[in-house]
Amino acid sequence: MDVAELQSKFAINGVLSFEKAASGLVIARVTAPAAEATIYMQGAHLTHWKPAGQAPAIFLSKRAEFVPGKPIRGGVPIIFPWFAERHDGKTGPQHGFARISEWDLGFAAMAGDELHLAFTLAPNDLSRSLGFDHFRLGYRVAIGRKLTLEMTVANDSGNGSAHGGGPASVTAEADMAALGAPLVFEQALHTYYAVADAQKVSIDGLGGTTYIDKVDGFKRKVQPKGALRFTGRTDRPYLNTTATCTLHDEAGARRIVVEKSGSNSTVVWNPWKEFTAAMPDMESDAWLHMTAIETANVADNTVTLQPGATHTMRANISLEAV
């Protein structure tokens with residue numbers, strides 16, 4: 001859907017408009033009474049959320065690349081159907097294909113002082129080339145003083161429609177899907193929160209939880225009771241947790257509260273100084289100004305959906321002044 005059609009179908013005077021960047025990416029600009037936001041149609045990728053009277057709550061790298069087919073550094077990338085590297089011995093882009101695919105907008109309306117948007121992603125050439133032709137994704141975003149992000153995955157296999165003509169392995173998977181096969185996937189809302197100084201933040205809600213320490217040889221450890229504080233590079237999927245997390249941004253004099261449902265993993269990430277230096281799409285001090293708390297289902301919490309089934313994962317994000 002091009003910009004003109006999006007404007008015709010969904011624009012709301014003074015609240016929602018669409019434009020095309022020089023790179024060709026289409027952008028939704030939100031200026032609702034309660035908050036402003038920016039969403040790219042590639043990846044249904046929210047890159048900005050600023051409740052009225054507040055500092056921006058979402059971090060976006062100053063070196064982020066806005067190029068078709070390339071992931072955007074910062075914001076809320078949608079991770080699906082695998083987290084990090086693909087695990088089944090086959091090739092595929094880091095964090096899957098959802099964040100670099102063009103999504104469709106199907107709904108936009110004000111509800112009180114919130115703007116509600118609904119995006120969808122169906123199988124496309126990229127997903128089919130990777131063996132994924134039996135899914136549908138829905139993504140609902142409510143933008144206001146709070147931010148709600150809701151991702152629904154449907155297993156669309158067993159509907160009797162096979163897609164031949166591709167590589168033998170892909171065709172075989174598509175034919176199996178037509179007969180009805182489980183959909184096995186990981187997912188995450190890889191949310192980069194904006195903080196004043198990551199060296200002074202703390203996170204409540206994960207004490208006593210087992211995690212995978214990806215910085216220390218993927219060893220399994222247990223988070224001590226009390227708040228989590230950063231002392232260096234941190235990359236940890238916390239498993240079997242449905243807990244609310246509170247990010248205390250001491251230098252920014254606020255708390256960011258992340259409530260969730262349909263999620264049994266929480267990933268916490270900060271690349272710290274040394275790792276950031278090796279990232280071409282991050283400025284050298286970017287690690288100081290971001291903390292990722294990801295609502296997720298990964299590793300032990302991988303989801304298996306039977307044909308015709310759906311799974312919904314939701315994050316409710318709010319800010320509190322200190």
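Observations
- Among the candidates H87, H48, residue that is assigned to a strand (DSSP E or B) and of a type outside the set (D, E, K, R): H48
- Scan the stretch 137-155 for residues that are outside any strand (DSSP E or B) and either polar (S, T, N, Q) or open to solvent by 20 Å² or more (accessible area, probe 1.4 Å) (or both) and the total you get is 2.
- Selected residue (criterion: surrounded by the fewest Cβ atoms within 10 Å (Cβ to Cβ)) from residues of the stretch 179-210 that are over 30 Å from S157 (Cβ atoms) and aliphatic (A, V, I, L, M): A196
- Annotation note: of K70, K50, K20, the sole residue that is modelled with pLDDT of 95 or more and either of a type in the set (F, W, Y) or surrounded by fewer than 15 Cβ atoms within 10 Å (Cβ to Cβ) (or both) is K20.
- Scanning the stretch 249-271 for residues that are touching a residue at least 60 places away in the same chain (Cβ under 8 Å), open to solvent by 30 Å² or more (accessible area, probe 1.4 Å) and not charged (D, E, K, R) returns G252, A253.
- Selection of strands (runs of 3 or more DSSP E) fully inside the stretch 231-293 by the criterion of at least 2 residues being at pLDDT 95 or above and of a type in the set (A, V, I, L, M, F, W, C) returns 245-249, 254-261, 265-270.
- Number of the condition not met by A296 [criteria: (1) open to solvent by less than 50 Å² (accessible area, probe 1.4 Å); (2) within 23 Å of A55 (Cβ to Cβ); (3) assigned to a strand (DSSP E or B)]: (2)
- Among the residues making up the stretch 299-322, those that are among the polar types (S, T, N, Q), loosely packed, with under 15 Cβ neighbours inside 10 Å and more than 22 Å from T148 (Cα to Cα) are T304, Q306.
- Restricting F97, F107 to those that are modelled with pLDDT of 95 or more and either open to solvent by less than 40 Å² (accessible area, probe 1.4 Å) or among the aliphatic types (A, V, I, L, M) (or both) reduces the list to F97.
The values are calculated or read from the model by the stated rules, or taken from the named source; none is laboratory data. Since this is a predicted model, take the numbers as computed values, not measurements. Ideal geometry is used to build each Cβ from the backbone, glycine not excepted, and the neighbour counts take in all protein chains shown. Heavy atoms of the whole protein, side chains included, go into the accessibility calculation; ligands, DNA and RNA do not. Shrake-Rupley method; radii C 1.70, N 1.55, O 1.52, S 1.80 Å.
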